[in-house]
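Engineer: Dropping the structure in here first, questions after.
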Amino acid sequence: MGKFDHVVIVSDIDGTFLNREKQIVPRNLAALESFVREGGRFTFASGRVPLNMVRTMSAALPYVNAPAILCNGCCLYDLTRMQEVEAYYPNCAVIKDIQRLCSVRYPALGFRVSMPDGMLVERINAPIVGDLAKFLDVTTVLPVDDWPERPYYKAVARGEWALLEALRAEIEERWPGYLALSYSECEFLEMLHAGCSKGVLLGRLREYCTVDGIKPTVYAVGDYENDYEMLLAADVAVCPTNAMPMIREICQLSPASNDEGVIAALIETLAAMS
């Protein structure tokens, strides 16, 4: 028996697991090594897609021993076997119509679609050029009318917050009930299959981590609006001290900032309690 048997930690990545420079905090990795060795289950809940995880989070993947909640809650993914456990895709036609809307009314915004095998864009403009830098080899640039009708994980509009708010309001008015909308950062508006969230898939993750009828205690860690439902669904809600106010208000623990290594601080807190 390990001291962390039946304990699951689910961590957001940007603003939580990574520091402000979007780098892995070495202290988090050292703490995860002991946490997993003592029977703990660890995974990520992120807006990132599987390909992104492999390319940017490889140093942390050896410690991921439970399905990951990816694409902000539309995909439960086994990063060891590199296959979907379950996935929910938004309506392709609606996503394409929103791209058309952006081209006409919000041309200053960037717009990209994440698919299982890469990225799809109509054009690469300033707001998204950095997002695509590591994925140009799997980015398809096509007029929206030629976009393939195959599964999309999600769409993301990026740009100034005021424009994103106007776009969000128009989407909610013109396509009510079709999509789940949330911000992953102030300049990222995420569009998922309706009903999807990190919180919904946290419930499914809890089922996968139940052993011999013993449900785990789930600690969820996040910092932003797209983490809100996940934190409410967890047994214990945790945030870094740099989290936005609406997140800090619902969390029971806030042991450190993302720069200081909030995951390591949480594991140290759990070790002291055991």
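Engineer: Among all the lysines, which ones have a C-alpha under 19 Å from Lys96's C-alpha, if same-chain residues fewer than 8 places away are not counted?
Structural biologist: Leaving aside lysines fewer than 8 places away in the same chain, those within reach of Lys96 are Lys154.
Engineer: With a cap of 11 neighbouring Cβ atoms within 10 Å, and only residues DSSP puts in a loop, list the trypsin sites (Lys or Arg not before Pro) found in region 38-91.
Structural biologist: On the way: sites: Arg41, Arg48, Arg55, Arg81; in loops: Arg48, Arg81.
Answer by residue number: Arg81.
Engineer: If you don't mind, there's one more thing I want to ask. Using a 10 angstrom cutoff on alpha carbons, build the Gaussian network for the chain and name the most mobile of Gly199, Gly39, Gly213.
Structural biologist: Of Gly199, Gly39, Gly213, the Gaussian network model singles out Gly213 as fluctuating most.
Engineer: If you don't mind, there's one more thing I want to ask. Per residue Cα convex hull volume for the chain, in cubic angstrom?
Structural biologist: Values: hull volume 33.3 nm³, N = 274.
Measuring per residue, one finds 122 Å³ for the Cα hull of the chain.
Engineer: I'd like the GluC sites (Glu not before Pro) in region 9-87 restricted to DSSP loop residues with at most 12 other Cβ atoms within 10 Å, sorted by number.
Structural biologist: Glu21
Engineer: Next question, about the same structure. Work out the P(r) tail for region 92-193: percent of alpha carbon pairs separated by more than 25 Å, whole number.
Structural biologist: Details: 477 of 5151 pairs.
Here the long-distance tail beyond 25 Å is 9 percent of all Cα pairs in region 92-193.
Engineer: Pick out which of Asp145, Asp12, Asp227 has the largest mean-square fluctuation in a Gaussian network model of the chain, springs linking Cα atoms closer than 10 Å.
Structural biologist: Asp145
Engineer: Given the C-alpha centroids of region 49-111 and region 135-168, what is the distance between them in whole angstrom?
Structural biologist: If you average the Cα positions of each part, the centres end up 12 Å apart.
Engineer: Which aspartates and glutamates, if any, have their Cα less than 18 Å from the Cα of Lys215, not counting same-chain residues under 8 positions apart?
Structural biologist: Lys215 reaches Asp5, Glu38, Glu207, Asp235.
Engineer: Of the candidates Arg174, Arg123, Arg112, which one comes out as most mobile in a Gaussian network treatment of the chain with C-alpha springs shorter than 10 Å?
Structural biologist: Residue with maximal mean-square fluctuation among Arg174, Arg123, Arg112: Arg174.
Engineer: Sequence gap at least 6, Cα distance under 8 Å: using those rules, report the relative contact order of the chain to the nearest whole percent. Intermediate results must be reported in sequence, preceding the final value.
Structural biologist: Details: 569 pairs, mean separation 60.4, N = 274.
Normalised by residue count, the contact order of the chain is 22 percent.
Engineer: Further question on the same structure: Rounded to the nearest 500, what is the chain's calculated 222 nm mean residue ellipticity when only DSSP H runs of at least 4 contribute -39500 (n - 2.57) each, over all residues?
Structural biologist: Dividing the helical sum by the residues of the chain leaves -9000 deg cm²/dmol.
Engineer: Loop only per DSSP, at most 14 neighbouring Cβ atoms within 10 Å: give me the GluC sites (Glu not before Pro) in region 138-198, ordered by residue number.
Structural biologist: Passing sites in region 138-198 are Glu149, Glu160.
Engineer: Then there's this: How high is the FRET efficiency between Asp78 and Ala162 when r is their beta carbon distance and R₀ equals 45 Å, given to the nearest 0.05?
Structural biologist: Numbers: r = 39 Å, r/R0 = 0.88.
That pair, Asp78 with Ala162, gives E of 0.70.
Engineer: Round to the nearest 10 and give me the degree value, 0 to 90, for the angle of helix 26-37's Cα axis relative to the longest principal axis of the chain.
Structural biologist: Helix 26-37 sits roughly 60 degrees off the main axis of the chain.
Engineer: Next question, about the same structure. What is the list of residues in region 138-156 whose amide nitrogen lies under 12 Å from a point 7 angstrom out from the Cα of Arg55, following Cα to Cβ?
Structural biologist: Zone members listed by number: 138-140.
Engineer: How big is the charge dipole of the chain about its Cα centre, in debye rounded to the nearest 20, if each Lys and Arg gets +1 on its Cβ and each Asp and Glu gets -1 on its Cβ?
Structural biologist: That gives a dipole near 340 debye.
Engineer: Continuing with this model, one more query. Expressed in nm to one decimal, what extension gain is obtained for the pair Ser34 and Asn91 from 0.36 nm per residue of sequence separation less their Cα-Cα distance?
Structural biologist: Extending this stretch completely gives an extra 16.3 nm.
Engineer: From Cα pairs below 8 angstrom and at least 6 apart in sequence, can you work out the relative contact order of region 92-193, rounded to a whole percent?
Structural biologist: Relative contact order, region 92-193: 28 percent.
Since every read-out is calculated from the coordinates, none of them should be taken as a lab result. Only a predicted model underlies this, so the values are computations on that prediction, with no experimental measurement involved. Here the Cβ is made from the backbone with ideal geometry for all residues, glycine too, and neighbour counts use every protein chain on show.
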